[in-house]
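As structure tokens, the structure follows; a few thoughts come after it.
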Amino acid sequence: MAAVLWVHLSKAARAARESFADDTLRPVTIKQLVDCKEAYPSAELAIDGMPTTQVTLIGQIRAVNPQAINITYRIDDGTGLIDVKKWIDADKGETTPRFGVDTYVRVYGRLQSFNGKRHVGAHYIRAIDDFNEVNYHLLEATYVHLCLTKGTSADGQPQQQGGGGMDTGGDSMFVDGGYGAGGVGDSAGMQARLSPCSRNARTVFNFLANSAPGDGAHLNQVASGTGLSVRDIMSATEELLGHGLIYTTEDDETWAILEC
Amino acid sequence: MEAIANPRITCVYLNSYVGKNVIIVGKVIQLRGDEALIDADGNITAHLNREAHLSAGNGVQIIGKVNPDLSIKVLSSLDLGTGVDYNLANSVVEISHQHRNLFSYD
């Protein structure tokens, strides 16, 4: 019975994570798009291990190639080149704006791979009026990359939350709620001890700190609360146990924060 | 896909990029015929091409090749107007050199 429940939970967690990747708008440099790889053929493209579909990028238009049903812009942000296809909406006809060569534009779109060639299917392209947006975007792309690969130090840790609906990638500068923000264990000392931990470990720790400081929470509660898979939670708690940040209470699958 | 990347640099990085194409964001200090003096964390001389339309006091982004005398042969230039945050631009250059895996091929 328990096993059935587990399978169900981890399936739900996985489904939540898939849709999460689809709903996350990630700021990227073009080099990241050119470099990113599928985990296995026909898998989702992943950047820093995070499946990535919706992206936003900036760049200068280097070439415009209008066709009957779409316009292909070749875009260069100084880190690489990528083709961005904007489909022409027949209903709007002539009102679809066109951009000239050398214009700086911001693109929101889907990363797509077709016959081994990568392009971005643009939902929306607009010209950049304030050049500072270009620099801001490059910093934001770096910031998100660092958050995902190294975690953050003290405050406002963006976290991956399966069902939480918190937009880690796109809105990263402002993520401050959910289990990302510290709770009971949010003292500077605790955060420092948490800093070498992985993202999942922090998520689990903060969930425990916020929801069940005293008695601890069972695996099932943690799974439904964080949206992580059972396997991820087991490795996250393993890590936290190793650092002496949590301890097991009633059984091996119930954990509580070790107050210091 | 071809690895065409133009690193973003400031004056202090010129030495390391002789013979390469780079992007420089700075402020136009002076225009002298087809030469411009550009401040990007230090003064850089740029040899402009015909198409360049710069104005003194405005920000500019130039893409060009670094000559052995550390001047720039401009391939393309873009006037950025007056609202450019140069500290921000210089920070981006620093960051892009600290996290090269996001910005450049080498």
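The values are calculated or read from the model by the stated rules, or taken from the named source; none is laboratory data. All values derive from a computational prediction rather than experimental measurement. Cβ coordinates were reconstructed from backbone atoms using ideal geometry, including for glycine residues, and neighbour counts include every protein chain displayed. Surface areas here come from the heavy atoms of the whole protein model, side chains and all, with no ligands, DNA or RNA. Shrake-Rupley method; radii C 1.70, N 1.55, O 1.52, S 1.80 Å.
What is the interface area between chains A and B, defined as buried accessible area summed over both chains with a 1.4 Å probe, reported in Å² to the nearest 100? Provide the component values of the computation, followed by the final result.
Details: alone 13130 and 6320 Å², together 17080 Å².
So the total buried area for this chain pair works out to about 2400 Å².
You can think of it this way: the chain between A:THR103 and A:GLU250 has 46.7 nm of extra reach, that is 0.36 nm per residue less the Cα-Cα gap. Rounded to the nearest 10 square angstrom, A:VAL101 shows an accessible area of 90 square angstrom against a 1.4 Å probe. Heavy-atom accessible area, probed at 1.4 angstrom with all protein chains present, ranks A:LYS31, A:LYS85, A:LYS117 as A:LYS117, A:LYS85, A:LYS31, highest first.
Overall size of the range B:46-105 from C-alpha positions, given as principal axis extents largest first: 35, 31, 18 Å. For B:ARG8, the residues whose modelled amide H falls within less than 5 Å of its own, excluding neighbours fewer than 5 places apart on the same chain, are B:ILE23.
Enter the accessible area per residue of the range B:8-100 (Å², integer; probe 1.4 Å; all protein chains in place).
Here the per-residue accessible area is 47 Å².
Within the shell of other residues whose beta carbon sits under 13 angstrom from the beta carbon of B:GLU51, the net charge comes to -2, with Lys and Arg scored +1 and Asp and Glu -1. Scoring B:18-25, B:63-70 by mean Cβ neighbours within 10 Å over their residues and listing the highest first yields B:18-25, B:63-70.
Counting charges near A:GLY78 (Lys, Arg +1; Asp, Glu -1) among other residues having Cβ under 10 Å from its Cβ returns a value of 0. Seen against the Cα atoms of chain B and their longest principal axis, helix B:86-98 is set at about 30 degrees. Once you list every other residue whose beta carbon is under 15 Å from the beta carbon of A:ASN65, what net charge do they have if Lys and Arg are +1 and Asp and Glu are -1? My count for the surroundings of A:ASN65 gives +4.
Per-residue Cβ counts within 10 Å, from other chains only, averaged over A:132-143: what number is that? Mind dumping the intermediate values first?
Values: counts 8, 0, 7, 14, 3, 1, 11, 5, 0, 4, 7, 1.
Taking all residues of A:132-143 together, the mean is 5.
Here the accessible area is traced with a 1.4 Å probe on the protein chains. For chain B, carbon and sulfur cover 48 percent of it.
A simple charge model with +1 on the Cβ of Lys and Arg, -1 on the Cβ of Asp and Glu and nothing else charged puts the dipole of chain B at about 120 debye relative to its Cα centre. Close amide-amide hydrogen proximity is noted between A:ILE128 and A:TYR104, A:VAL105, A:ARG106, each under 5 Å apart and 5 or more residues distant or on a separate chain (H modeled in the peptide plane; Pro and chain starts excluded). Restricting the calculation to Cα atoms, every distinct pair contributes to the Kirkwood radius of the range B:8-100, found to be 12.9 Å.
According to the Kirkwood expression over distinct Cα-Cα pairs, how big is the hydrodynamic radius of the range A:191-260, in Å?
Working: mean 1/r = 0.0867 Å⁻¹.
Computed over Cα pairs of the range A:191-260, the Kirkwood hydrodynamic radius comes out at 11.5 Å.
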